Every structure is written in C-alpha cells, then in structure tokens.
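Everything on this sheet refers to the single structure shown next.
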Amino acid sequence: MITRFAPSPTGPLHLGHAFSAMLAHDMAMAEGGTFLLRIEDIDGQRSKPEWEAQIYDDLHWLGLRWEEPVLSQSDRLETYRTVLEDLWQRGFLYPCNCTRRDIQAALSAPQEGAEPRAGPDGLIYPGTCRHAKPPHPNHGTPMPPMPENAALRLLLDAHFIHLAEPRVGGAVFGFQETGPGLRGDIAFTVEEAIATIGDIALARPDFGTSYHLSVVLDDATQGVTHVVRGADLFEATKIHVILQKLLRLPTPIYHHHRLIRDDQGKRLAKRDDARAISKYRADGATPADIRAMVGL
Ligand code: GLU
C-alpha cells in the first residue's frame, strides 16, 4: 500500500490536515506500506517557502516519517505541459478566455432558464468557447503558449463513451471507495459526468496546469495505491477518474475521510489560524493530544 499526504504550502496546517496526514500514515504503516509527502505548490502566488518549512516541522513534530524524495509540483511543470500538449493534439482541449463573471452571465441568461449549477470544480461551464475548438483530432494546430491569457478546457462530450467501461445498463466510469459512509463501488455514466462536471479547466492561465491534472499525474507517478483525503474531494474524484482513463493511468482506491469541524460545525479552512497545529504546539499540546482531538 502506498499512501500520500499532499498539502499546499499556502497557510498553516490545521487539525484537519493533521488528521488527514496521520490517517494516511497510519493506514500505510498498518499494512507495512509506504507513506509519501507531496508539496502541491502549483499556485506560485500563494505558495510560500515559509509555509513549506512549517509543514515539515509540524509533520515531524507529529511523529510522521515519509519516504524521500518529497515531490514538489513546481518541479513538474514541464511534465504537465507535455501531457497537455498530448491532450491538445488528441483534440480534447480548447482555449477559453471567459472570466468567472462571463460564465455567471452566460448561465443566468434568460434562454438558459435554470439557475447556474455548481459542479465539483465551481460553476458548470456553459460551453461558450467551444466554438474555438480546434479540429478533432487536432492536425498539428499548435497549443497556445502558456502561461498566457487562455485557460485550456477539457471537451467533455459523447466521445468519452469509448473510455467508459461497458456494464449491464450502460457504460460507466467507476472507482472503489473505502471511506466511512461512502464505501463501495462508485459508478457514474458519461451523461452524468457531462451534466454534473462539464468542461473543466485543465490548465489555468496563471498556473499553466490545474489541481486536477497535476494530482492525477502525480498520484500515478508516485505509484499511490490508496488516496486518503477529505470527503470534500469526493465529487472531484469523478474528474480524476475520467482523466485517468483519458491518460491511460490506473485508478487508485479512494478513501475520503470525515472532515474535522469547528465548534459551530464549520469545516476548518486555512484561515482558521486558531486551529493551526503550531498554535496547539505553542500552547503546550503533545502529538498524543492532537491525535485525541481528531479522534485517532
Ligand atoms: N493540495 C490539496 C489540498 O491541500 C490536496 C488534495 C488531495 O489530497 O488530492 O487540498
């Protein structure tokens, strides 16, 4: 078993991160497996070396050890670009200059009728820029240089039926889930994916990649067999499974764990500095106290 903890160095680790990291670590250790650390720093604006240093410090203090080397996504931008280039040549991407406001406006135009719907990656894109789509497959049209103005969106259409697995009742995408309350064989059809996910951005203009593309490629490169992470990413897993099929990568087993909430029942966020591990440390808590607080 190979698990990983994949924080973004954009703020302090809090109790929710501690739970995720300890659970992924404990699951691997219980099986004599390997625990990995990956630094998800594609957001060059918000990622800071001091937060990264704090991540190492907090995780060491918690008693976690991981196999070296640690993978940093900022070292992998060339790889992401090569994969985007391949998808572009295969005709699965198109450039899009819509702002969030454009998307909102297109979705709330009277002819659309319905309220804008949110998918796992924000508002479901209405397909405004699909007309800019290069031929399918893409006979040598060059991909726009990146990073620049345009995002690159995945053309999620009926072609995907060829990537789905034929089952009684229709072709589906699927993955194994072992998280509490979600456990089982999760399956969804291409039509459901088109309706609930839509044309997500695989390269954002400011990063030249996206969380979804990078996480899928890195889990495969690192040989991760069990992805352990918060239940807030359960729906996004559908995007990841589709990308794995498109890129001919294996689908790991997913374990989406419960979220650690504050006293008001709200999920902890990076800005909840009061719950930062470093704050508890400074107040004299021990790693055992942290384990007890998150119910491990
Ligand atoms: N960098 C992501 C986060 O901090 C990791 C998500 C994942 O584990 O896939 O939320």
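What to note about this one:
- Flag for TYR94 being open to solvent by less than 30 Å² (accessible area, probe 1.4 Å), away from the ligand (no atom under 14 Å from the Cβ), within 30 Å of GLY140 (Cβ to Cβ) and touching a Gly at 6+ places or on another chain (Cβ under 8 Å): no
- Residue in region 191-207 that is most open to solvent (accessible area, probe 1.4 Å), counting only those that are of a type in the set (Asp, Glu) and in contact (Cβ under 8 Å) with a residue 40 or more places away in the chain: ASP206
- Of all residues in region 82-107, those satisfying the criterion of being over 20 Å from the mean Cα position of the chain (by Cα) and hydroxyl-bearing (Ser, Thr, Tyr) are TYR94, THR99.
- Of the criteria (1) open to solvent by less than 10 Å² (accessible area, probe 1.4 Å); (2) at pLDDT 95 or above; (3) closer than 24 Å to MET27 by Cβ, which one SER210 fails: (3)
- Single condition ARG153 does not satisfy, out of (1) out of contact with any Leu (no Cβ under 8 Å at 6 or more places or on another chain); (2) part of a strand (DSSP E or B); (3) in contact (Cβ under 8 Å) with a residue 12 or more places away in the chain: (1)
- Leading residue by the ranking (nearest to the chain's Cα centre (by Cα)) among those in region 215-232 that are crowded, with 23+ Cβ neighbours inside 10 Å and either away from the ligand (no atom under 12 Å from the Cβ) or in a helix (DSSP H, G or I) (or both): VAL215
- Residue that is nearest to THR225 (Cα to Cα) [pool: residues in region 1-55 that are among the polar types (S, T, N, Q) and either within 10 Å of the ligand (Cβ to nearest atom) or without any contact (Cβ under 8 Å) to a residue 24 or more places away in the chain (or both)]: SER20
- Residue in region 64-82 that is of a type in the set (Lys, Arg) and under 30 Å from ASP273 (Cβ atoms) present: yes
- For beta carbons closer than 7 Å, sequence separation of 6+ or different chains, a first residue in region 164-190 that is without any contact (Cβ under 8 Å) to a residue 60 or more places away in the chain and of a type in the set (Phe, Trp, Tyr) and a second that is part of a strand (DSSP E or B) and surrounded by 11 or more Cβ atoms within 10 Å (Cβ to Cβ), the qualifying pairs are PHE188/VAL172; PHE188/PHE173.
The values are calculated or read from the model by the stated rules, or taken from the named source; none is laboratory data. The structure presented is a predicted model; accordingly, all values stated were derived computationally and were not measured. Positions of Cβ are generated from backbone atoms using ideal geometry, with glycine treated the same way; all protein chains shown enter the neighbour counts. Remember, those area values only see protein heavy atoms, side chains included, never the ligands or the DNA or RNA. Shrake-Rupley method; radii C 1.70, N 1.55, O 1.52, S 1.80 Å.
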